[in-house]
1. How many residues does segment 251-268 hold that are part of a loop (DSSP other than H, G, I, E, B) and either within 15 Å of residue 288 (Cα to Cα) or in contact with a strand residue (DSSP E or B) (Cβ under 8 Å, 6 or more places away or on another chain) (or both)?
2. All but one of (1) free of Cβ contacts under 8 Å to residues at least 24 places away in the same chain; (2) in contact with a helix residue (DSSP H, G or I) (Cβ under 7 Å, 6 or more places away or on another chain) hold for residue 19; state the number of the condition that does not hold.
3. Name the residues in segment 71-107 that are crowded, with 18+ Cβ neighbours inside 10 Å, part of a loop (DSSP other than H, G, I, E, B) and in contact with a helix residue (DSSP H, G or I) (Cβ under 6 Å, 6 or more places away or on another chain), would you?
4. What residue, of 325, 257, 284, 250, is in contact (Cβ under 8 Å) with a residue 60 or more places away in the chain and either surrounded by fewer than 22 Cβ atoms within 10 Å (Cβ to Cβ) or more than 27 Å from residue 213 (Cα to Cα) (or both)?
5. When the residues of segment 108-134 are narrowed to those that are assigned to a helix (DSSP H, G or I) and without any contact (Cβ under 8 Å) to a residue 60 or more places away in the chain, which ends up surrounded by the fewest Cβ atoms within 10 Å (Cβ to Cβ)?
6. Check off (1) under 24 Å from residue 252 (Cβ atoms); (2) more than 18 Å from the chain's Cα centre (by Cα); (3) surrounded by fewer than 22 Cβ atoms within 10 Å (Cβ to Cβ) for residue 289 and give me the number that stays unchecked.
7. Pairs under 6 Å by beta carbon, first residue on the phi < 0 side of the Ramachandran plot in segment 201-218, partner in a loop (DSSP other than H, G, I, E, B) and surrounded by fewer than 17 Cβ atoms within 10 Å (Cβ to Cβ), six or more apart or different chains?
8. Tally the residues that are in contact (Cβ under 8 Å) with a residue 40 or more places away in the chain, surrounded by fewer than 17 Cβ atoms within 10 Å (Cβ to Cβ) and assigned to a helix (DSSP H, G or I), restricting the search to segment 172-189.
């Protein structure tokens, strides 16, 4: 039934290749459809690598939590304890910014800087040197605002604490202990395996291969991981379980508890430690999405039902509604949960006044 739904829906949204996985009742089920690339097509399978985009942040956050369990990082400590040369546009913010502020997007940092600090092992260190150029939207700890730059800074925290590159530390802290054998940052690791490339509509409306394939190295901590649906299901199973000796069950549960409320957000009702939290038909849902150039990914957990669903696609913009359809279909057919659209509320002048203002977003 899942395979038929995946194939039909992928064709409906004209997506070249998709990989969908479900963890339910102690079983992993994967359904793949289509091809890795329209230019050089190979069948998508359960080990095909897709760029996960911001789902990578859940790995970075988990590595930080493991370091915290080991007593090597204090989540409430100033970031400057671990990145001594940190400078921001505001000195007071640089002094008070904590590791937790970065983990739950209350850093006050803007979204990101558009630059390339090169492919070398100093990519994150060089990026941190540019942070005074990034605008601040609020003092640390006062509000939630999604920041890619904040997770790049967390990558630098990991480097300094472990005395390794971010990528090597992630392999040691997360990938190797959990047996995630199809999860990579380095292009040299990816190109020797089957991998998907993104697609976007061209000027004629037809899908064309998206270039560049991935973002600069300094963004690895916030969005650079390439992985397969099989590894993502293992990752989901880990976060639903007892920690497998990598982290305690208490730590994994703490990551799923609200730390800051979200108001009127399509991302959820609250942020835990990295995870976005919301209610779906009376059940707590824990999830994170990701996007790359012409690739879109979604990971959703229902902890109380020991359930997870993963959806990976290689086309924009229809990868987003495809993933949404997958989430809703699997929730209904496996768990009987209906993910409904929010109900419109009657116009209230007083409530409207609360959101009147000037808004800014970085492209």
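1. Total satisfying the criteria: 9.
2. Of the numbered conditions (1) free of Cβ contacts under 8 Å to residues at least 24 places away in the same chain; (2) in contact with a helix residue (DSSP H, G or I) (Cβ under 7 Å, 6 or more places away or on another chain), the odd one out for residue 19 is (1).
3. Residues satisfying the conditions are 73, 82, 83, 86, 88, 97, 107.
4. From the options 325, 257, 284, 250, the qualifying one is 325.
5. So, considering only residues that are assigned to a helix (DSSP H, G or I) and without any contact (Cβ under 8 Å) to a residue 60 or more places away in the chain, the one surrounded by the fewest Cβ atoms within 10 Å (Cβ to Cβ) is 133.
6. Of (1) under 24 Å from residue 252 (Cβ atoms); (2) more than 18 Å from the chain's Cα centre (by Cα); (3) surrounded by fewer than 22 Cβ atoms within 10 Å (Cβ to Cβ), only one is false for residue 289: (2).
7. Every condition considered, the pairs that remain are 208/202; 209/39; 216/116; 217/119.
8. 1
The values are calculated or read from the model by the stated rules, or taken from the named source; none is laboratory data. These numbers come from a predicted model, not from an experiment. For neighbour counting, all protein chains shown are included, and Cβ atoms are generated from backbone atoms with ideal geometry for every residue, glycine included.
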